[in-house]
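Peer 1: Attaching a single structure in structure tokens format; questions to follow.
The values are calculated or read from the model by the stated rules, or taken from the named source; none is laboratory data. Nothing here was measured: the structure is a model prediction, and the numbers come from that model. As a convention, Cβ positions derive from the backbone with ideal geometry for all residues, glycine included, and neighbour counts pool all protein chains shown.
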Amino acid sequence: MARFRYTAKSMDGKTKRGTMEALTENAMIQELKSQGLFLVEAKNLTEAKGYKKLNAKQLAGFCKELSTLLASGVSLVRALDIISDQEGIDPKEREIYRAVLLDLRKGIGLSDAMESKKCFPDLMIGMIRAGEGSGNLDQVTERLTLQYEKDYKLTQQVKSAMTYPVVLLVLCVAIVILIVTFILPQFQSLFDQMDSLPVPTEILIAISDFLVQKWYAALLIVFTVFMLIRIIMAIPAVRRQIDYRKVHMPVFGKLFKIIYTARFARTLSSLYSSGMPIATALGIAGNTIGNSYVEGQFEQVVALVRSGIPMSQALREVDGLQKKLASTILVGEESGRLDVMLDSTFESAEALKTYSTHPKHVAVADSKVRPYTAVRSCMDYEI
């Protein structure tokens, strides 16, 4: 049980401050609402020991084990007990699972226990909460397994793709430093005999002298510039402007849109299929895109959906997602298979091309689909 200090307002605008014990901040918000108060600010006075956030690989492993155990008829408490006692997992990861298990034994729900640890993503907590309400927690954790396995695979692909450029950049920087600090000084006596030198050469010699004689100052300058960049990047307005440029830059902008669309569609499909209300699922999925400019548009999207506007229409004007997403969702809304259509959103143009030209797909389409339909939609499958 956590203890919170809160500031809230009543319907008539009066401010009330106080403390309250609750399982989570959400539980405190609900309690305040029952008293006719609306939370303005809250601080956890009994903030638990900070846990490091789990990565996609750890989340996928946890969800896979939990799904398997629950599907086998093992109780939730026993399942967490087994997972926390497994060999080969990181000690800090084991500590998190044991802390969740302790909360479960106190009668706290799994989603609330996970939320209080501050190391599980909002997507996972939301889906677990929906699974608890619908009674299909094993199916929800199975979908989460697929979700985080894909996220881990994508992360590894990005790391692999970035390895060569990073190594090349490091080598280039090392070569420049070697030339400036070791090779150029060898020619100093030769340069001194010359009456005049080109301006670029004089600048290069001055840089070389500075790096050799005041290398500590150079390191301090590099560190200062690095920290300034981090501080500037942390400013929301600057971050938003950079994210805006990402989706509008030539060549790479299209790639970013593909990545953001696939991530959003996959997340929304998982949330929706777990039984979560579509407006709530939209809000959570919109916050997992990874681009503040695109994410900032989802408040309006959620408001439109709550007002009765179809989701396909509300998403049509979102800048930063592929336009085909709205068409895909429209087909899902009309067919009643929104989760399936969202799962069929391809992660790259190459994946779509490979699928559409696959011999088995073409054979099935030519013999079973095209002769009998005037309008058709394609869904992804694995062979």
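Peer 1: Where in the stretch 59-124 are the helices (runs of 4 or more DSSP H), entirely inside, with at least 3 residues that are more than 30 Å from G283 (Cβ to Cβ)?
Peer 2: 76-84, 91-105
Peer 1: Further, regarding this structure: Out of curiosity, is E47 within 26 Å of the chain's Cα centre (by Cα), modelled with pLDDT under 85 and in a strand (DSSP E or B)?
Peer 2: No.
Peer 1: Moving on. So which residues in the stretch 288-305 are surrounded by 15 or more Cβ atoms within 10 Å (Cβ to Cβ) and touching a residue at least 12 places away in the same chain (Cβ under 8 Å), if there are any at all?
Peer 2: The answer is T288, I289, N291, S292, Y293, V294, G296, Q297, F298, V301, V302, V305.
Peer 1: Moving on to the next point. If the Cβ limit is 8 Å and pairs must be 6+ apart or interchain, which residue in the stretch 193-204 that is part of a loop (DSSP other than H, G, I, E, B) pairs with which residue that is β-branched (V, I, T)?
Peer 2: L197/I205
Peer 1: Turning to a different aspect of this structure: State whether one or more residues within the stretch 12-24 are surrounded by fewer than 19 Cβ atoms within 10 Å (Cβ to Cβ) and either aromatic (F, W, Y) or under 16 Å from K117 (Cβ atoms) (or both).
Peer 2: So far as the stretch 12-24 goes, yes, one or more of its residues are surrounded by fewer than 19 Cβ atoms within 10 Å (Cβ to Cβ) and either aromatic (F, W, Y) or under 16 Å from K117 (Cβ atoms) (or both).
Peer 1: Regarding the stretch 171-181, can at least one residue be identified that is modelled with pLDDT of 85 or more, under 21 Å from M276 (Cβ atoms) and either part of a loop (DSSP other than H, G, I, E, B) or not assigned by TED's automatic domain parsing to the domain that holds S75 (or both)?
Peer 2: No: zero hits.
Peer 1: Filtering the stretch 81-119 down to residues that are polar (S, T, N, Q) and surrounded by 15 or more Cβ atoms within 10 Å (Cβ to Cβ), which residue is farthest from S67 (Cα to Cα)?
Peer 2: By that ranking, first place goes to S116.
Peer 1: With the structure loaded, tell me whether L171 is in contact with a helix residue (DSSP H, G or I) (Cβ under 8 Å, 6 or more places away or on another chain) and more than 24 Å from A27 (Cα to Cα) or whether it fails that test.
Peer 2: No, not satisfied.
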